[in-house]
Amino acid sequence: MADDLTLLQGTLDVLVLRALALGPVHGYAVARWIEDRSRDELQIEEGALYTALYRMERRGWIESEWGRSDTGRRAKFYQLTAAGRKQLALQTDRWARYSRAVTRVLQPA
Amino acid sequence: MSIWGPDIEREIDDELRFHLEMKAEELVARGMAPDTARHVARERFGSVDDVRRWLRRHDRRKQRRVERVEHMETLLQDIRYGARKLFAQPGFTAAVVIVLGLGIGAATAMFSAVDAALLRSLPFPHAERLVGIRGVGLPFFMSERQTMPLIGDLRGMPDVFESVGAYAAPGGLNLGVEGSPQRLRVALVTTDLFPTIGVGPMIGRGFVDEERSEEATRVVVLSHGLWQRQFGGDPRIVGRQVQLDGRPYEVVGVMPRGFSFPSESDIWLPLREPFGWEDMRPFEQFLPHRLIARLAPGVTTLEAGARLHLLAQRFVTDDRPSTLTAAERATPFRDQLVGNRRTALLVLLGATGLVLLVACANVTNLLLSRAAARRSEMALRATLGASRVRLVRQLLVETLLLALAGGALGVVLAFASLGALGALLPATLDGLVELAVDGRVLAFSLGIATATGLIFGLWPALGASRTNVADAIRSGGITASGSRDMGRLRRAFVVVELAIALMLAVGTGLMLRSLQQLLSTEIGLLPERVATMELSLAGARYDSAAARRVFFESLRERLLAVPGVEAVGMINDLPLRENSGGISLTMWAEGSELPADRDAQMFAQMLDVGGDYFRAMGIPLLRGRLPQPPPARTDTSQPAPITEAVINERFARLQWPGENPVGKRFHVGDFELREVVGVVGDVRARALTSEPLAQQYTSMDASPYRKVAVVARGTLSAATLARHMRETVVAIDGELPPFNVRPMSAVIAAAATPWRLNTLLITTFGVVALVLAAVGVYGVVAYGVAQRRREFGIRRALGAQGTDVVRLVLRESAALAVIGVALGLAGAWAVRRVIGSLLYGVTPSDAVAFTAAPLLLIAVALVATLLPARSAARVEPTVMMREQ
């Protein structure tokens, strides 16, 4: 269980960053977005999502602001900072290289 | 926690709740029951409480708050340490704080005063467009033809003057109130004066043209202060009647709060054009007026002056040449108000700058010495692991603490001394400008102090923190070369301080001598045990001369009945009174020619006296006798008897040099011939500093003036006499307010006030600078002695006596003092002319001041040297050697 969590944590970060790339969204919307985009293949553990958000905010990759959802309710919105954008690019690239490498290894000889 | 900002825990709860609600809604939309949906949402989330706990611990703002608290704690630590260190050296700390405080306080207070008087604009809209006009008069109803430009002419020049107004002030009237009559300060203003300056009544209105005529109802505008004090701020004040000099006036308006222009007026009356005797009621024998105009757009003061000059040429004739230049005719209004105080204020500002300079030099010296002494401590702390940043920050905190403390003291001193400075400002300006501690100046002074502290506290601090640890500890904290440079620098500072202190000391000496001369001037009367009081017999009750005679006779009788009262008299114009309102006319001896040139004519003060005036005042009768009032005229067919007059010595000398003037006759203007029956001594009536004018006195016993000053002399103290005078008046007529009831010595003191004040200020600066310089000398010598303990120890061991050591130190210090004094003398000599206009009876190169000051300074420097020198000489040589 611990291993899965660690892997997921690293991947979760880049997914969340990507979710925020298009503009400010609240936590719930991030979860929905990831689930929709992955065609429900990736189930986000919601608690982990929020710890990821808070962690990345401390690192200065994202910033938050309270606002109103489209149903009029009060919600906390997150968006990328300049550093966050850099991280997104960096981690996206790393993930692509990683997945390419693993795929190559697993190819039938 | 919540006072620090948004409630973090609640926000986290809100955020999580939002998520769960959205999730539940989504499930409901998919067909689940609401209760089940909520339950499932929570399940799906994971452990809500664990997550909540984690989030709370890791929230970024919390992290920041913790960091901030840490920072604060470090800072507090630094402050506590710094404060402890400062308190450990109370002498040093007190010295720096006091020096800074004095410098900042003096600079701020003085600059605020100068700013209020000279720099700040008057509180009128576009006050820079206002000019004071000279050489233009007001129409008098008795004038037959126009001999000079009048205000109406200026109104007819709208291309030069947007509007023109005039005022006459200060005058006085009695306010008739049951049981407590008061004397009010009155100003007469033309209808366009308020519009010209741009300030209008807050309630009601000003004056309208109809009120300019003789028959109009009498109207008055009140000041805000009077409205509050006397009428309790009555909201229905407009329309109320007030009694002024026994006549009813209707209130038509109230001026805004704080407005009392001109001359701290309590009420304003309309000034009629042409004006007549009625308008002169609040004044003595003439109408003291001023014109003020607002320049039309685009017109300069010089252009206005030129146009006025052209206008004046129309009235110039051979025997009435114009005496004003074009430039003098129109001057910025502010300059008119400040008058001749400008120089005094600027000189004082210069002195303040010097004191500030000395203060900064002193602080620098103190900080340099401290830095040197702390080197070993810094080195030790560096060894124990303190970073350079930390060390520098430590010293910075200490320096700032000092700067703040000094600044706080300075602020307190500034506020305290502003009250005293208020008296420096010209009286008319007091009605306009509020003298407050100027925020900019305070900020400026604080800035200077902080900057000085930072530069001279930090620079050695940087040096100290960089110090080679081993060296520092080995040499006991003081390296040879470093200390030599420091020593030289410090000595240079002290020389500068001494020089500046000397300049101020010379200035002080000059002012003190000047004051001494002033106070010992022969005034011409004997003010001891003399009291005076002013009265205005207003109202219909005193319309007849007989009624006034009765009053004054009753007054004299009652006063003389008081045991201890020797003489009682009256005069229309009390000598040395503020705002002296008397008139003088040209007079010449019978049989001689009146010189055509006005400057060669003799103008004599027209004075009327009653009772035993000369004896009461102590003015000696030198020849002849006192004047008698003209006897009542029963037979008007006979020519009127010649009025008797007494003249003063100057008059006699000018008109009949070398002869006995008693029995001779003289012309008084175009009016009449008078005969001299006696000669009295000269009196400096106008100002302490001006020569006495020619004076002539006639008797008013038969027909006393309404407005007089009563004088009484006795064996009682002047204060007691004054009290009796007031009580007697009230006993005779409870509705007459006596005013200016005071000993004659108070009148004289008041006349000397501007001088005394200037002297007091410069003396204060001088003393402060002297003290600062002494502290500086002490500091440098103490430091030098501390440095040379080894040397002294060796000398003592080799047989030198304690006194030899002391003499050595004194000699070196004397050298410093002499250099400083020499520099200072050169400086004082160079700027001596600056102070010239503030002096009286003393030249700016007065030998006494220039000799006493250096001697005083050298003496002070030597005393300041003696203390540390003696303490050095007292230590045993063996102790000194062992210290190493």
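The values are calculated or read from the model by the stated rules, or taken from the named source; none is laboratory data. Please read these numbers as outputs of a predicted model, since none were measured by experiment. Neighbour counts run over all protein chains shown; Cβ positions are idealised from the backbone, glycine included. Protein only, heavy atoms only, side chains kept; ligands, DNA and RNA dropped before computing areas. Shrake-Rupley method; radii C 1.70, N 1.55, O 1.52, S 1.80 Å.
Apart from one condition, A:ALA48 fits all of (1) over 22 Å from B:PHE18 (Cβ atoms); (2) of a type in the set (A, V, I, L, M); (3) within 9 Å of chain B (Cβ to nearest Cβ); the exception is (1). Taken across the stretch B:58-71, residues that are within 11 Å of chain A (Cβ to nearest Cβ) and at pLDDT 85 or above do not occur at all.
Across the stretch B:32-54, the qualifying residues are those that are charged (D, E, K, R) and within 14 Å of chain A (Cβ to nearest Cβ), and the one among them that is least open to solvent (accessible area, probe 1.4 Å) is B:ARG52.
Within the bounds of the stretch A:16-30, is there any residue that is within 13 Å of another protein chain (Cβ to nearest Cβ), of a type outside the set (D, E, K, R) and more than 24 Å from B:ARG56 (Cβ to Cβ)? No, that holds for no residue. Could you tell me whether B:LEU574 is in a helix (DSSP H, G or I) and in contact with a strand residue (DSSP E or B) (Cβ under 6 Å, 6 or more places away or on another chain)? Here the answer is no, as B:LEU574 does not meet what is asked.
Filtering the stretch B:375-420 down to residues that are open to solvent by less than 30 Å² (accessible area, probe 1.4 Å) and polar (S, T, N, Q), which residue is farthest from B:PHE111 (Cα to Cα)? Looking at residues that are open to solvent by less than 30 Å² (accessible area, probe 1.4 Å) and polar (S, T, N, Q), I get B:GLN394.
Would you be able to say whether some residue in the stretch A:36-45 is surrounded by 14 or more Cβ atoms within 10 Å (Cβ to Cβ), basic (Lys, Arg), without any contact (Cβ under 8 Å) to a residue 24 or more places away in the chain and outside any strand (DSSP E or B)? No: the stretch A:36-45 contains no residue that is surrounded by 14 or more Cβ atoms within 10 Å (Cβ to Cβ), basic (Lys, Arg), without any contact (Cβ under 8 Å) to a residue 24 or more places away in the chain and outside any strand (DSSP E or B). Against the condition modelled with pLDDT of 90 or more and within 17 Å of B:LEU526 (Cβ to Cβ), how does B:THR715 come out, does it pass? It is true that B:THR715 is modelled with pLDDT of 90 or more and within 17 Å of B:LEU526 (Cβ to Cβ).
Out of everything in the stretch A:63-78 that is in contact with a Lys or Arg (Cβ under 7 Å, 6 or more places away or on another chain) and either more than 8 Å from chain B (Cβ to nearest Cβ) or touching a residue at least 60 places away in the same chain (Cβ under 8 Å) (or both), what residue ends up being least open to solvent (accessible area, probe 1.4 Å)? Filtering first and then ranking leaves A:SER64. Screening B:ARG257 with (1) more than 26 Å from B:GLU128 (Cα to Cα); (2) part of a loop (DSSP other than H, G, I, E, B); (3) basic (Lys, Arg) gives one miss only, at (1). Taking strands (runs of 3 or more DSSP E) as the structural unit, those lying wholly within the stretch B:580-693 and holding at least 2 residues that are open to solvent by less than 70 Å² (accessible area, probe 1.4 Å) and within 30 Å of B:ALA712 (Cα to Cα) correspond to B:584-589, B:603-611, B:643-648, B:672-680. Look at B:ASP245 and say whether it is in contact (Cβ under 8 Å) with a residue 40 or more places away in the chain and at positive phi. Criteria met by B:ASP245. Scanning the stretch B:725-735 for residues that are in contact (Cβ under 8 Å) with a residue 24 or more places away in the chain and surrounded by fewer than 21 Cβ atoms within 10 Å (Cβ to Cβ) gives B:ARG726, B:ALA731, B:ILE732, B:ASP733, B:GLY734, B:GLU735.
Of all the listed residues (B:SER520, B:SER554), the sole one being hydroxyl-bearing (Ser, Thr, Tyr), at pLDDT 90 or above and surrounded by fewer than 20 Cβ atoms within 10 Å (Cβ to Cβ) is B:SER554.
One residue stands out in the stretch A:79-98 among those that are open to solvent by 70 Å² or more (accessible area, probe 1.4 Å) and aliphatic (A, V, I, L, M): the one that is farthest from A:ALA21 (Cα to Cα), namely A:LEU90. Reported count of residues in the stretch B:813-848, each being loosely packed, with under 14 Cβ neighbours inside 10 Å and over 27 Å from B:PRO754 (Cα atoms), is 2.
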